[in-house]
Each structure stands twice: as structure tokens, then as C-alpha cells.
1. Which residues, counting only those in segment 112-140, are within 17 Å of residue 165 (Cα to Cα) and of a type in the set (A, V, I, L, M)?
2. Would you mention how many residues in segment 43-63 are small (Gly, Ala, Ser) and over 17 Å from residue 82 (Cβ atoms)?
3. Under the condition of being touching a helix residue (DSSP H, G or I) at 6+ places or on another chain (Cβ under 9 Å) and of a type in the set (Gly, Ala, Ser), which residue from segment 156-167 is least open to solvent (accessible area, probe 1.4 Å)?
4. Which numbered condition trips up residue 69, out of (1) in contact (Cβ under 8 Å) with a residue 24 or more places away in the chain; (2) under 20 Å from residue 111 (Cα atoms)?
5. Is there a residue in segment 135-155 that is open to solvent by 50 Å² or more (accessible area, probe 1.4 Å) and under 20 Å from residue 171 (Cβ atoms)?
6. Is it true that some residue in segment 78-85 is closer than 30 Å to residue 163 by Cβ, among the hydrophobic types (A, V, I, L, M, F, W, C) and without any contact (Cβ under 8 Å) to a residue 60 or more places away in the chain?
7. Determine whether residue 129 is acidic (Asp, Glu) and in contact (Cβ under 8 Å) with a residue 60 or more places away in the chain.
8. Does any residue of segment 235-255 turn out to be hydrophobic (A, V, I, L, M, F, W, C) and more than 27 Å from residue 136 (Cβ to Cβ)?
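The values are calculated or read from the model by the stated rules, or taken from the named source; none is laboratory data. Quick caveat: nothing in here was measured; it's all calculated off a predicted structure. Quick reminder, even Gly has a Cβ in these numbers, built from the backbone with ideal geometry, and neighbours come from all protein chains shown. For accessibility, only protein heavy atoms count, side chains too; no ligands or nucleic acids. Shrake-Rupley method; radii C 1.70, N 1.55, O 1.52, S 1.80 Å.
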Amino acid sequence: MWGRASSTAHDSSSARAGERLKKRRRSRRRHLLIALAVFLLIVSGALIWGFWQSAVRISHIQIFGADQSFAAYATNAMQGSYLGMIPRDSTFFFPASRIRANILAAHSDIAAVSIFRDGLTGISIKINDRAPIARWCGSTLDATRLNLGADCYLFDASGVIFAPAATSTQTINTFILYAPLEGTRGGPPVASEIAPLRATIAQAEKLPAAFDFARQLDTLGSPVTHVVLRDDEVDDYLTSGTRITYVLGKEHTAFTALVSARDNLNLTDGSIEYIDLRFDGKVYFKRKK
């Protein structure tokens, strides 16, 4: 009996000691977490304070490829702060993507915007304009002839229409393009055709070869004035009044056939109404009466 009572008392004492040990461990963990939270608050506060210092905030903006007024897009985008804690003009967090998007949205004639840090207090913005490849004056030549008040627009190498064409505007190619826009092939004109800025010319990836062909025709004596895309066919109108038709994408074959028959064709005097190069190795033509 004496041994049994002693064992019970020992077990009770061990349980109380274990409970006290658990409490001390929980207390240490709680104190450690509190200390860690305080440390993080201090570090966060120091970082936020540092972000507001003038030594790491954008104070000057340099523009390349455009006038300095473009700096206003960056200045406006960097107004205010993120959640009231970090300034938007911080060199570490300035909104480059927003600045770029705002400039591109306001200027359809700009192809790309590059933004770079200039030390800790400045940024540089480089503007790349779209190169005017030629004039686009409508989906079809007939429609444009009927609408004498139709406007012409400039487009770039990607086929993107980006600005109205002024009379004095210099383009890489002197001829005029008539072609449908993306989403309008085979259908009536839509809103993008009436106000085509930022629209893309259909089959734009095939335009470089078609324009090379048009420039090659210049070497035969009569420059091209109009290039008309009709589905998968192209009509090139020469200054002499002759129309040359071929299949889009078959420029090399068409030009080879034309050169082989040039001794029988005069492209400069207007005596030929049209030349049909749509059939491989064949040249069909009609002389004017």
C-alpha cells in the first residue's frame, strides 16, 4: 500500500512539471513571434520611409525620338502612391507598363515605347514611330473612285493603319493600295473600314512580296500607280493605263513569265489593256482597240 501511494504522487508531480514546461515553451514561442512581428514592422517602416526619400524617386524624365511633351504621360502616371504607402514615382516601383500603354493608346503612329532607368532619380523614354510604307485608300478601287471624298491613310510594315495621309506625306512606296481590312473580307464595310485607324490590312504578311513585284514592274518602263488586292488576286495598274493581274503569293512565277514575253509587249505606250499572269507559264493579254 505504501508503495502504491508513492507511485501515484510521483505521477501527479511529473504531470504538473510537464504542463509547466509546455507553458514555458508556448510563452517563449509567443515572445519570439511578438519580437519577429516587431522586427518586421520596424524593417517595413524603414523601407517605406526609404521609398519616400528624394534620392530614390524619379525627378527627371528624358525623351528620345519625340518632343519633351511626352514626359507628361510619365508624370501623370506617377502621381499618387500604392495603397498610400509607396510613391508611384519610386525608382523601384514606377509604373512603366502604364506609361507605355498610355502613350500607345494616345498615338496610333507610334510603334513601340522603350523605358529605361537613368540612375536612381531619372528615366529615359525612347519613342519609335511607325514607318509609312504606302497609302491605303479603301477596300476596292471602284468604291474609292465613286467616293471622291474618300480619305487615304498611312500603314506600316505590319499592315497597321496608323494615321491620315496628308498630301505632303512621304512614303516608302509611291503607289496607292486598295485592300480589305481584317474581318471585312467578303463582306460589306464595317465601322473599322469607315474609321480605320489601328485596323490591320488583310493578308498583311503577303504585302512585302506584292510590293516587291510592283517595284519590279517599274524596271519594265511604266511605274505602278495602284495596287489592288482582291481576295487571292492582285491588280497592278501602270501609269500607261495597263492592268496586270496575277495570283497573290506567286510573284516570282508571274514576273518570270512577264519578262519572257516582254519582246511582244509594250508596257509604256498604253496599247495594252490588261495582262493576265494568273496561270503558271502562261501570259494572256488584250490590246486596246
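1. Selection gives 131, 133, 134.
2. Here the count works out to 4.
3. Among residues in segment 156-167 that are touching a helix residue (DSSP H, G or I) at 6+ places or on another chain (Cβ under 9 Å) and of a type in the set (Gly, Ala, Ser), the one least open to solvent (accessible area, probe 1.4 Å) is 159.
4. Every listed condition holds for residue 69 apart from (1).
5. Yes, there is a match, as at least one residue in segment 135-155 is open to solvent by 50 Å² or more (accessible area, probe 1.4 Å) and under 20 Å from residue 171 (Cβ atoms).
6. Checking segment 78-85: at least one residue is closer than 30 Å to residue 163 by Cβ, among the hydrophobic types (A, V, I, L, M, F, W, C) and without any contact (Cβ under 8 Å) to a residue 60 or more places away in the chain.
7. yes
8. Checking segment 235-255: not a single residue is hydrophobic (A, V, I, L, M, F, W, C) and more than 27 Å from residue 136 (Cβ to Cβ).
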